[in-house]
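J.: One structure follows; several queries about it will come next.
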Amino acid sequence: VLYFPKLKNDFEFQKNKIKLFSRQVFITEEVKDIVPEFLMLLHGVIDSPDIPLNVSRSFLQADSNVKKINSYITKKVADKLAELFKNDRKAYEDKWSDIGLFVKYGAISDEKFYDKAKDFVLLTNTAKENFTLPEYKDKVEGTQTDKDGQLIYIYTNDADKQDSFIQSANKKGYDVLLMNSPIDNHFISQLEQKLEKTSLKRVDADVADKLIKKDDAPEHILTEEQTAQVKEIFDKAINKPAYRVELESLHPDELPVTVTMDEFMRRMKDMAAMGGGMGFYGNMPDNYKVIVNGNHKLITRILNNDNTDEQAQLAKQAFDLALLSQGLF
């Protein structure tokens, strides 16, 4: 009898909560050689007549019956989840906040479990709607396929902090997934490996116009000379080596300045912070891109201002507001 415990928060991983019995006689709580790693977070009991009463760890590692039990438990859990999803999807979705972490963990760590879980793993968007993998592909394929035929899933790991980016994406008709569990960085990588021609981008990885590359980019209204002038103004106003200024041709309604971090680098640093074996990236300094919307009226106002101090002040204010929206100020 195994069950998914309720997690008070995503970081309360309590292992060694499964007790092993043989013919109703308690054997041990050390079941990591019997229970698959990703199911060690479950609670409950296992009673097997195939386990001797006097058992050692070396026996558990070598015994063929133990390996069969391991495979059986994986299959049993997957089958039970599939049954619940099929027979009562609403109840399954109601439980997803409790079981989703386990399902994703299993999909990442066990190939056989993924083969089954791909039919009942759910993706949740910021509107709290749930979708299976095929359902979500059908939902966004028409609007979130880039000019090269790559399907882009957009996600947030902090809907409150990234609200302005989410709103900008929604205005363009894009859907945003909620990926805020401790293992979602790893799950995202898993999805990119498994789903054909599909990439995931965090909603604040770029401005909305650039998240998904299309052929209908707005025309750049600045001349090369004006572009260089604006870049120089912002470089001097910011005066921080970690922030690289780039001018982009964006819709005039987009923000005048946006600060982003490269998707790959940010993801590697997040995984390093979670102990994902990416320590090299975790030690690298943060670097950001400052995207200046050359088509915004504020940039025109800066260019038309002959007072260099006021130009710098306007540029710095726009930059500070961009930092504030990212929680970087």
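The values are calculated or read from the model by the stated rules, or taken from the named source; none is laboratory data. Not measured: the values here are computed from a predicted model. In this analysis, Cβ positions are derived from the backbone assuming ideal geometry, glycine residues included, and neighbour counts consider all displayed protein chains.
J.: At pLDDT 90 or above, part of a loop (DSSP other than H, G, I, E, B), of a type in the set (Asp, Glu) and not assigned by TED's automatic domain parsing to the domain that holds Gln167: which single residue out of Asp306, Asp253, Asp286 fits that description?
T.: Exactly one of Asp306, Asp253, Asp286 is at pLDDT 90 or above, part of a loop (DSSP other than H, G, I, E, B), of a type in the set (Asp, Glu) and not assigned by TED's automatic domain parsing to the domain that holds Gln167, namely Asp306.
J.: Report the residue count in the range 115-126 for those that are outside any helix (DSSP H, G or I) and surrounded by fewer than 15 Cβ atoms within 10 Å (Cβ to Cβ).
T.: Count: 1.
J.: Restricting attention to strands (runs of 3 or more DSSP E) lying wholly within the range 127-238, give those where 1 or more residues are over 15 Å from the mean Cα position of the chain (by Cα) and either without any contact (Cβ under 8 Å) to a residue 40 or more places away in the chain or under 30 Å from Phe85 (Cα atoms) (or both).
T.: It comes to 151-156.
J.: Also, quick follow-up: In this structure, does Ile27 turn out to be of a type in the set (Val, Ile, Thr), touching a Ser or Thr at 6+ places or on another chain (Cβ under 6 Å) and at pLDDT below 75?
T.: no
J.: Looking at Asp138, Asp215, Asp184 in this structure, which one is more than 23 Å from Ala322 (Cβ to Cβ), surrounded by fewer than 13 Cβ atoms within 10 Å (Cβ to Cβ) and at pLDDT below 95?
T.: After ruling out the rest, the residue left standing is Asp215.
J.: Now for a separate question. I need the full set of residues from the range 102-114 which are touching a helix residue (DSSP H, G or I) at 6+ places or on another chain (Cβ under 9 Å), in a helix (DSSP H, G or I) and within 17 Å of His186 (Cα to Cα), in order please.
T.: Phe102, Val103, Lys104, Tyr105, Gly106, Ala107, Ile108, Ser109, Phe113, Tyr114
J.: Moving on. Among residues belonging to the range 71-84 that are surrounded by fewer than 19 Cβ atoms within 10 Å (Cβ to Cβ) and not charged (D, E, K, R), point out the one that is nearest to Phe187 (Cα to Cα).
T.: If we take residues in the range 71-84 being surrounded by fewer than 19 Cβ atoms within 10 Å (Cβ to Cβ) and not charged (D, E, K, R), then Ala82 is nearest to Phe187 (Cα to Cα).
J.: Taking the range 218-248 as the search range and keeping residues that are touching a Lys or Arg at 6+ places or on another chain (Cβ under 8 Å) and surrounded by fewer than 18 Cβ atoms within 10 Å (Cβ to Cβ), which one is nearest to Tyr288 (Cα to Cα)?
T.: Arg244
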